[in-house]
Amino acid sequence: MASQRALSRHALIVIDIQNDFLPGGALAINEGDLILPTVNALLQQDFTAVIASRDWHPEHHISFTAQGGPWPVHCVAGTSGAAFAPGLDQRSLTHIIHKGTRESCDSYSAFFDNEQQASTGLDALLRGFYIEKVTLCGLALDVCVAATARDARSQGFETSIALNACKGIAADETPCLQELSELGIKLITS
């Protein structure tokens, strides 16, 4: 099994499946919980690495409305809202990446902050495993999943998004999906 994993050089990146993004959470994505069975099925597939990202914000993060940002307080580090969804099967996770940890800058992407100045370490982690391909799933498709996919592609990884294992915020995701497709990101179903 270990040799098969080493040969595949394919990572699964699970984006922000946290309590605050699920129905009832501080920044709930409509029906965000419905992707969990599909995500859990993906987690059972043979990947070299399975990496989960999570928003891990300081208490006075720039993205919060009290600081002039667009979002309500969500995913404050160490709170129950920042915890992974209880329905997420975490047994296959090999690594966890925290993002949005700097008070003065947000980070939609699991690779870099929004200013492209600070790295989360994801790029180095993937290169350490000689990863060539990444498949992404999670929340929200049109924000954090899309930002991570753009950065994965710009870093030279063959990038796919498992659409049936994602939920977005926008009612119409067509413009986002069209842009991602034009960047060479594969839109697949798992």
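The values are calculated or read from the model by the stated rules, or taken from the named source; none is laboratory data. Since the structure is predicted, the reported quantities are computational estimates derived from the model, not experimental observations. Quick reminder, even Gly has a Cβ in these numbers, built from the backbone with ideal geometry, and neighbours come from all protein chains shown.
Tell me whether the range 104-112 contains one or more residues that are at pLDDT below 95, more than 29 Å from Ala171 (Cα to Cα) and buried (at least 16 other Cβ atoms within 10 Å of the Cβ). Scanning the range 104-112 turns up no residue that is at pLDDT below 95, more than 29 Å from Ala171 (Cα to Cα) and buried (at least 16 other Cβ atoms within 10 Å of the Cβ).
What number of residues within the range 112-129 are assigned to a helix (DSSP H, G or I) and under 15 Å from Ala147 (Cα atoms)?
Of the range 112-129, the ones assigned to a helix (DSSP H, G or I) are 122-128.
Subset that is under 15 Å from Ala147 (Cα atoms): 122-123.
Total meeting the criteria: 2.
To keep it simple, each residue is scored yes or no on (1) modelled with pLDDT under 95; (2) farther than 17 Å from Leu93 by Cα.
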| residue | (1), (2) |
| --- | --- |
| Gln116 | yes, yes |
| Leu125 | no, no |
| Thr135 | no, no |
| Leu139 | no, no |
| Val145 | no, yes |
| Ala152 | no, yes |
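Tally up the residues in the range 125-171 that are closer than 20 Å to Gln18 by Cβ and of a type in the set (D, E, K, R), please. Final tally of qualifying residues: 3. Looking only at the range 145-165, residues that are within 18 Å of Leu34 (Cα to Cα) and out of contact with any Gly (no Cβ under 6 Å at 6 or more places or on another chain) come to 5 in all.
Residues in the range 136-190 that are under 12 Å from the mean Cα position of the chain (by Cα), farther than 21 Å from His98 by Cβ and among the β-branched types (Val, Ile, Thr): Ile161 alone.
Run down Thr174, Thr101, Thr148, Thr159 and say which single residue is surrounded by fewer than 14 Cβ atoms within 10 Å (Cβ to Cβ) and among the polar types (S, T, N, Q). Before the answer, list the steps.
Working: Thr101 fails: surrounded by fewer than 14 Cβ atoms within 10 Å (Cβ to Cβ); Thr148 fails: surrounded by fewer than 14 Cβ atoms within 10 Å (Cβ to Cβ); Thr159 fails: surrounded by fewer than 14 Cβ atoms within 10 Å (Cβ to Cβ).
Step by step, each of Thr174, Thr101, Thr148, Thr159 is checked, and only Thr174 is surrounded by fewer than 14 Cβ atoms within 10 Å (Cβ to Cβ) and among the polar types (S, T, N, Q).
Evaluation of Lys167 against the conditions (1) more than 20 Å from Ala49 (Cα to Cα); (2) of a type in the set (Lys, Arg); (3) surrounded by fewer than 19 Cβ atoms within 10 Å (Cβ to Cβ) shows that the sole unmet condition is (3).
Within the range 66-80, is even one residue in a loop (DSSP other than H, G, I, E, B), of a type in the set (Ser, Thr, Tyr) and under 18 Å from Leu12 (Cα atoms)?
First pass over the range 66-80, keeping only residues in a loop (DSSP other than H, G, I, E, B): 68-70, 72-75, 77-79.
This time we only want the ones that are of a type in the set (Ser, Thr, Tyr), so: 79.
When the remaining residues are screened for being under 18 Å from Leu12 (Cα atoms), the result is none.
No, that holds for no residue.
Confirm whether Ala28 is over 18 Å from Ser160 (Cβ atoms), of a type in the set (Gly, Ala, Ser), modelled with pLDDT of 95 or more and surrounded by fewer than 20 Cβ atoms within 10 Å (Cβ to Cβ). Before you say what the answer is, go through the steps one by one.
Numbers: over 18 Å from Ser160 (Cβ atoms): yes; of a type in the set (Gly, Ala, Ser): yes; modelled with pLDDT of 95 or more: yes; surrounded by fewer than 20 Cβ atoms within 10 Å (Cβ to Cβ): yes.
Yes; evaluated as a whole, the condition is true for this residue.
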